[in-house]
Structure formats: C-alpha cells, structure tokens
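Quick one: structure below, then a few questions.
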Amino acid sequence: MTHANTTHPPAVGRRDLMRLAAAGAGGALLARAAHATSASDAALIKAAKAEGALNTIALPPDWANYGVIISTFQKKYGISVHNAAPDDSSAQELQSIRSMRGQARGPDAVDVGPSFALIGASEGLFQPYKVATWDSIPVAMKEASGLWYGDYFGLISFGVNRSVAKTAPMSWADLRKPAYKGMVALNGSPLGAGAAFAAVMAASIANGGSLDDIVPGIQYFAELARLGNFNPTSATAASLVSGQTPVVVNWDYLNLAQAKKSKGMVQIDTIVPEGAKPYGAFYCQAISRFAPHPKAAQLWEEFLYSDQGQILFLEGFAHPVRFADMVKRGVISKKLMAELPPPAPYAEAAFASSAESKKAQAALAANWTKMVKA
Amino acid sequence: MNRGAARPGSAGLLARPGGALTLLFVWPFLLYVCAFLILPTLMLLATAFRGGHGATWHYVGELGQTQTLIAFRNSIELSAVSALAGLVIGGLAAYFVLRPGMPGGLRSLVTTFSAVAANFAGVPLAFAFIATLGSLGVITVWLKSIGVDLYATGFRLYSISGLVIVYAYFQVPLMIIVITPALQALRSEWREAAENLGASSADYWRHVGLPILLPSLLSAYILLFGNAFSAYATPYAISSGIVALVPVEISNVLSGNVMLSRQTGAALAFGMIIVMVVVMALYALISRRVARWSRR
C-alpha cells in the first residue's frame with residue numbers, strides 16, 4: 001500500500017495469516033543448513049560490491065527509519081543506494097518492476113503491502129531468496145518458497161494526549177467512560193483511511209466480533225457516538241498534539257513517533273489496548289525477478305533481516321518481524337525497549353486476510369454512516 | 001443585464017475584421033477546455049459505463065443503493081442550504097456596505113476580507129472550526145465554563161447544520177464578491193424615479209430592484225451551490241465521512257487505502273454531473289422567465 005500517506009498502512013493480509021506466533025518457525029530448525037547464505041558470507045558481499053549499486057523504491061526516509069537504514073547500509077558495504085520515488089505506493093512499486101524490466105534503473109527490491117506481495121508473486125515479478133535468519137521469521141508472514149517475506153508490522157494503539165486526558169484509557173471498554181467525552185477520534189473514515197479501518201476491526205475483535213465479522217466494531221463505535229465519546233473529526237498529528245482529538249486510535253509506530261517528536265511540549269502515551277487480541281498490519285520485502293543488481297539485493301535483504309537491520313526498524317518504531325525472536329534472545333537494548341509499549345501483545349497480533357478485509361469493507365460501506373450517528 | 005447583446009453575428013468569425021486575431025487568442029482557451037473539461041468528462045463516462053467485459057450499467061446502477069442515495073441527499077441539502085445562507089447573508093451584507101453614506105474604508109475592508117475568506121477552505125478552515133467550535137474547541141469549552149453546554153443543546157459541528165456554519169465562512173464572502181457589481185449597477189435614478197411616482201421602499205424593491213437583480217442572484221446561487229457541492233477536504237476533516245457526502249464517497253473509492261474502485265468513483269461523479277445539469281437546467285428555465293423583460 002502507500003507510503004505516501006504515512007497514516008494509512010494496509011489492512012489486508014494473507015488468507016492463512018492469522019497470527020504472528022512467537023515461535024513462528026517451529027520445525028524449520030532442521031532445515032537451517034539448507035538456506036545458509038549468511039550476512040557475513042564474504043562471497044555475497046564481494047559479488048554485491050562488484051555490482052556496485054542497489055536500486056530501491058518508495059522508501060521514505062522518515063518511514064520505519066529507512067533514511068538511517070539506507071545510510072548505514074551504504075557505509076557498511078560501500079554500495080550506493082538509489083532510492084527512487086520515496087513516496088510511491090505499493091501499486092506503483094509493482095508497476096515499476098513491470099515497466100522497467102531489463103533496464104539498469106529498474107528496482108532491485110520492493111517493500112509492499114501483503115495484498116500487493118500476493119499480486120507480485122502470482123504475476124511472477126519476484127525471485128525467491130531466503131535470508132540467513134529465515135527461520136526466525138514467523139511462518140504466517142512469509143511465502144514458503146521465499147518469494148516475499150514480511151519485514152515489519154504495527155498494531156492498533158491509542159495515542160493519548162495526557163494534558164487533556166488525565167488518565168490514559170487502557171482498554172476498549174475504558175473508552176466508554178464519561179471521562180473521554182468528545183475525545184476519541186480516528187484518522188479519517190474507515191471507508192478510506194487504513195488505520196481507521198483497522199481501528200474498527202480491532203474494536204470488533206475486542207467486542208465479540210472476529211476478523212471475519214466487523215459488525216460488532218461498527219456497533220461499538222455507534223455506541224461511542226451515542227455516548228458522545230466519539231469525536232468524528234479526522235485526527236491529525238496537529239489535532240492530537242493540540243488536544244482537539246486527545247485520544248486517537250492509530251498505528252503504534254505513528255503514535256510513538258509523534259510522542260517522540262512532541263517530547264517536552266506535551267506527553268503522548270501509546271497504549272496497545274488490553275483485554276483483547278491486538279490487530280495489526282505488516283509490510284513485505286521481495287526481490288524483483290528482473291533485478292539489475294541481484295546480489296546487492298540479496299545483501300540488502302540480509303542486512304534488513306540481520307539483528308542490526310531489524311533493530312534499525314525498531315528504532316523507527318516499526319516492529320520488525322523477528323521482534324519476538326530478538327526479545328527472546330535479549331538483543332534489544334533496555335533503553336530502546338523502554339521507549340516501546342510492553343512486548344507481550346506484539347506476539348499475539350491478528351492480521352486480516354484479503355478475503356476478510358473485502359468482507360469487512362462491504363459491511364462497513366453498508367453500515368458505517370447508517371449506524372454511527374454523532 | 002444585456003443578455004443577447006454579445007450574440008455573434010451570422011457571418012463567420014474569420015470574415016469579420018479582427019476575426020483571425022480573435023481565433024488566435026481564443027484557441028488556447030478552447031484547447032484548455034478540451035483538455036481539462038471535455039476529455040476528462042468523456043473519460044469519466046467511459047470509466048463509469050465500462051466493466052471487465054465491455055459496457056455495463058452495473059456501476060451506475062449502484063447509485064441506487066441506500067447509502068449512496070443518502071450521500072446524494074446530504075450533499076444536495078448541504079449545498080442548497082449553505083448557498084441560501086450565503087445568498088441572504090452575503091447579499092444583505094453587500095447591500096448595506098454599498099449604501100451611500102457608508103464610510104469608504106468599511107467597503108474596502110469588507111471586500112478585502114471577502115477576497116481572502118472566500119478562498120480560505122480545506123483542512124485549515126476545518127481545523128479553525130474544530131479548534132473553536134469542536135467538541136473540545138476553545139469557544140465550546142469557554143461557553144461551558146460560563147454554564148452554556150453547547151453540545152448538550154444538540155449542536156454538533158460534525159452534522160449538516162454544523163457544516164452549514166462552516167461553509168458560510170466561504171459562501172458569504174463569495175456572495176459579497178459576486179453580487180457587489182450587480183448592486184453597484186442599480187442606479188439611484190431608478191429609485192428616485194420610483195419614489196417620485198409614489199412608490200414606497202417595498203414597492204421599489206418588489207417592482208424594480210429585485211426583478212433587475214434576480215438573474216444575478218440566481219447565477220450567484222448556482223455558483224454557491226456548485227461551490228458547496230464539490231467541497232471535499234473541509235467536510236472530510238470535520239466529520240470523517242460521518243455525514244455521508246458524495247465527494248467524500250468518491251475519495252474513499254479512488255484515493256483511499258481501504259477499497260479501490262475507479263468505476264464506482266466515476267459513476268458517483270457521473271451522478272454529480274447529472275445533479276449539476278438539472279440545477280443548471282432549472283436555472284436556465286427560471287432565468288429565461290425572469291429576464292424576459294430585459295430583452296425587450
């Protein structure tokens with residue numbers, strides 16, 4: 001999906017992607033020797049350096065810390081990265097693979113939403129590759145043959161402006177309290193904004209619905225509206241910081257980044273609601289089948305999926321796919337962990353499949369404006 | 001007031017003196033109209049009526065769905081009411097400012113402010129209202145502190161009536177700008193003549209002032225209607241689409257990140273064109289009646 005609109009990551013996933021299991025790659029340990037291209041593999045580094053360059057596309061420098069990731073990669077390997085069209089969308093990324101095949105400036109690797117990863121794989125736009133750390137990528141977040149693999153994900157959270165909301169709400173039930181009258185906002189219409197759509201999905205899961213049934217989420221927001229707690233204003237960073245929308249249901253990485261940005265000005269808490277399975281969305285890496293620099297692309301993937309690359313994602317508040325594995329091994333610094341919400345919910349997030357998303361969209365289109373009356 | 005006076009002669013443009021020159025300067029305009037109005041409209045129609053397997057009524061047929069009908073009703077209601085508010089308030093404001101004896105400074109103050117305010121729209125305008133009259137806005141909170149709970153009275157910024165107030169912010173100034181020249185064209189001699197013949201102020205307006213102004217008022221109304229009908233960013237920022245409006249629905253299916261359907265978007269836009277065509281046809285009908293005398 002789009003990187004251009006930083007508030008709208010996709011809410012679509014793969015049919016069988018139900019959860020991000022902590023020990024995602026259970027039985028794959030035996031196969032470790034089979035995919036043995038390690039990041040320290042001198043031959044790969046040599047081949048990549050011989051190609052001399054890497055073409056990436058649609059990586060905004062302030063999104064998931066890509067700015068720092070790219071400069072670190074360049075410094076580490078001395079391979080220059082050409083990042084085209086930083087604000088392009090997933091659809092445009094696939095289009096440039098198609099239209100620039102055979103050209104030296106075509107993209108080597110892409111970062112796309114899961115539904116676009118599926119399209120790319122079915123059209124044969126990707127080439128398979130398995131990074132050294134393949135086994136610790138949760139099974140649900142990768143294509144078995146290595147055509148695409150999830151890189152980072154986010155969860156639905158409450159961004160709370162603590163100078164207006166004196167106590168932060170900890171659960172979906174808390175949002176019903178009179179203390180939050182006129183405070184609870186989405187980042188737009190759930191029919192148009194990805195995070196708002198995800199918010200209704202998350203509310204549904206917490207209120208007796210499921211990935212397959214978004215209606216309880218619509219009912220929940222209809223109730224918030226009746227109570228006067230739902231504020232239909234489209235929340236923006238400005239309205240959160242200024243306190244016009246003191247409780248914004250949005251992606252955790254956007255709330256966390258906003259909190260960091262407004263430090264010293266206003267305290268913004270990021271709360272992943274308790275008492276329900278959290279709802280999330282992730283992005284995927286894939287190497288173009290027509291990559292002009294295939295070895296550099298492989299090295300890039302090795303770098304992104306190494307502990308170093310994954311921690312760089314986390315420093316941009318995007319939870320890397322290997323998060324659970326790294327928490328278990330204790331490789332994330334205490335200081336960084338302290339900046340993040342508690343890790344437990346990240347191990348049990350639910351992701352909707354394309355079919356579930358489509359069903360939810362139809363239910364939303366038919367019911368949202370009819371049921372939610374402010 | 002001189003409709004028809006500019007009707008081109010029967011001879012071709014080129015046959016007239018300066019005709020070639022006229023063409024030289026008109027063709028870029030025609031090209032422009034073609035590139036940015038006619039071609040996109042044709043593309044729009046093509047998209048709305050074409051499915052995966054050739055021509056289809058499917059997407060245009062979808063306009064009959066309840067939620068779509070609600071969006072059209074809301075859009076039309078909001079546009080009609082906010083245009084009326086702009087027409088009445090802006091018209092009266094312009095009239096009183098232009099009255100003889102008003103300080104010239106006031107007039108330039110009002111026109112300058114109008115020129116700025118008429119162009120103040122979109123997200124900044126929405127935020128200005130959210131920060132003042134929103135449920136946690138400065139004015140709302142202040143009123144509450146002196147014992148007036150605005151939202152307990154049923155007022156909602158994110159409702160049709162709330163949006164009318166917001167739209168008035170650009171509708172009224174726009175009305176002042178467009179109606180001022182027509183008001184200035186009302187000659188004081190006409191009024192003096194009417195008064196000499198024994199007309200009261202009400203008589204003058206009923207028989208002279210309003211009939212002369214009516215065509216201008218009508219076209220101003222159409223302009224305001226269209227202005228509100230197409231507004232998108234402001235209502236979206238204020239209501240997140242809780243008040244279903246057609247432009248918001250279009251953006252949901254065209255540039256949203258949740259669903260994507262170019263055809264549905266094109267069908268909705270086609271519906272908007274129909275509404276505007278009907279409104280313009282009504283306008284043409286009425287203005288022909290009311291302006292009949294001016295052609296004599």
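Please treat every number below as a calculation from the coordinates, not as lab data. Computed from a prediction, not measured in an experiment: that's the story for all the values here. Neighbour counts run over all protein chains shown; Cβ positions are idealised from the backbone, glycine included.
Can you sort B:77, B:62, A:356, A:301 from fewest to most other Cβ atoms within 10 Å of each residue's own Cβ?
Details: B:77 12, B:62 16, A:356 23, A:301 27.
Fewest-to-most Cβ neighbours within 10 Å comes out as B:77, B:62, A:356, A:301.
Amide H to amide H, which residues 5 or more places from residue A:126 or on other chains are under 5 Å from it, using H placed in the peptide plane?
The answer is A:289.
How shielded is A:219-228 by partner chains, expressed as the average number of their Cβ atoms within 10 Å of its Cβ atoms? Please report the intermediate quantities before stating the final value.
On the way: counts 0, 0, 1, 0, 0, 0, 2, 0, 0, 4.
Mean shielding by partner chains, rounded to a whole number: 1.
State to the nearest 20 debye the size of the charge dipole of the protein assembly as shown about its Cα centre, where the only charges are +1 on K and R beta carbons and -1 on D and E beta carbons. Spell out each step's value before the answer.
Numbers: 52 positive and 36 negative charges, 277 e Å.
With Lys and Arg at +1 and Asp and Glu at -1, about 1340 debye.
Here's another thing I want to ask about it. Fewest first, what order do A:322, B:156 take by the number of other Cβ atoms within 10 Å? Could you put the intermediate results ahead of the total?
Values: A:322 32, B:156 23.
Placing the least packed residue first, the sequence is B:156, A:322.
Placing +1 on the Cβ of each Lys and Arg and -1 on the Cβ of each Asp and Glu in the protein assembly as shown, which of B:133, B:220, A:60 has its Cα farthest towards the positive end of the resulting dipole?
B:220
Under the rule of -39500 (n - 2.57) per DSSP H run of 4 or more residues, summed and divided by the residues of chain B, what mean residue ellipticity at 222 nm is obtained, to the nearest 500 deg cm²/dmol? Provide the component values of the computation, followed by the final result.
Details: 15 runs with 203 residues, N = 296.
After summing the helix terms and dividing by the residues of chain B, the value is -22000 deg cm²/dmol.
Let me ask another. On the Cα set of the stretch B:66-295, report Rg and Dmax in Å, please.
Answer for the stretch B:66-295, Rg first and Dmax second: 20.6, 69 Å.
Quick one: Karplus J couplings for the stretch A:321-327, per residue in order, coefficients 6.51, -1.76, 1.60, θ = phi - 60°, nearest Hz, x for Gly and Pro?
Whole-Hz 3J(HN,Hα) from phi for the stretch A:321-327: 4, 8, 4, 4, 4, 6, 4.
Next up: How many Å³ per residue does the convex hull of the Cα positions in the stretch A:140-249 occupy?
120 Å³
Which of B:75, B:246, B:40 sits closest to the plus end of the dipole of chain B, meaning its Cα is farthest towards the positive end, when Lys and Arg get +1 and Asp and Glu get -1 on the C-beta?
B:40
Which of the aspartates and glutamates could a cross-linker span from residue A:370 if the Cα-Cα distance has to be under 20 Å and same-chain partners fewer than 8 positions apart are dropped?
Those aspartates and glutamates meeting the cut-off are A:213, A:223, B:62, B:77, B:249.
When the expected Rg is taken as 2.2 N^0.38 Å, what fraction or multiple of it is the alpha-carbon Rg of the protein assembly as shown? Don't skip to the answer; put the middle values down first.
Details: Rg = 30.0 Å, N = 670, 2.2 N^0.38 = 26.1 Å.
Cα-based Rg divided by the globular estimate yields 1.15.
Using +1 at the Cβ of each Lys and Arg and -1 at the Cβ of each Asp and Glu in the stretch B:66-295, identify which of B:237, B:116, B:271 lies farthest towards the dipole's positive end.
B:271
Here is a further query. Once all Cα-Cα distances of the stretch A:93-165 are split into 10 Å bins that start at 0, what whole-number percent is in each one?
All Cα pairs considered, the percentages come to 16, 40, 23, 12, 8, 1.
Just tell me, in residue order, which DSSP H segments of chain B are both 18 angstrom or longer along the helix axis (alpha-carbon based) and at least -1.0 in mean Kyte-Doolittle hydropathy. It would help to have the intermediate numbers written out before the result.
On the way: long enough: B:19-33 (20 Å, 1.99); B:66-98 (47 Å, 1.33); B:104-117 (20 Å, 1.01); B:160-184 (33 Å, 1.77); B:210-229 (27 Å, 1.74); B:262-290 (41 Å, 1.48).
Helices meeting the span and hydropathy rule in chain B are B:19-33, B:66-98, B:104-117, B:160-184, B:210-229, B:262-290.
Shielding of B:233-240 by partners, i.e. mean partner chain Cβ atoms within 10 Å per residue? Intermediate results must be reported in sequence, preceding the final value.
Details: counts 1, 0, 1, 5, 6, 3, 6, 19.
So the per-residue partner count for this stretch is 5.
Give the average, rounded to an integer, of partner chain Cβ atoms located within 10 angstrom of each Cβ in B:248-254.
Details: counts 5, 5, 0, 4, 9, 3, 1.
Counting other chains' Cβ atoms within 10 Å and averaging over B:248-254 gives 4.
Moving on. At a 10 Å Cβ-Cβ cut-off, how would you order A:62, A:41, A:88, fewest neighbours first? The partial results should precede the final answer.
Numbers: A:62 12, A:41 16, A:88 20.
In increasing order of surrounding Cβ atoms, one gets A:62, A:41, A:88.
Now for a different question. About the Cα centre of the stretch B:66-295, how large is the charge dipole given +1 on each Lys and Arg Cβ and -1 on each Asp and Glu Cβ? Please answer in debye to the nearest 20.
On the way: 13 positive and 7 negative charges, 73 e Å.
Computed charge dipole of the stretch B:66-295: roughly 360 debye.
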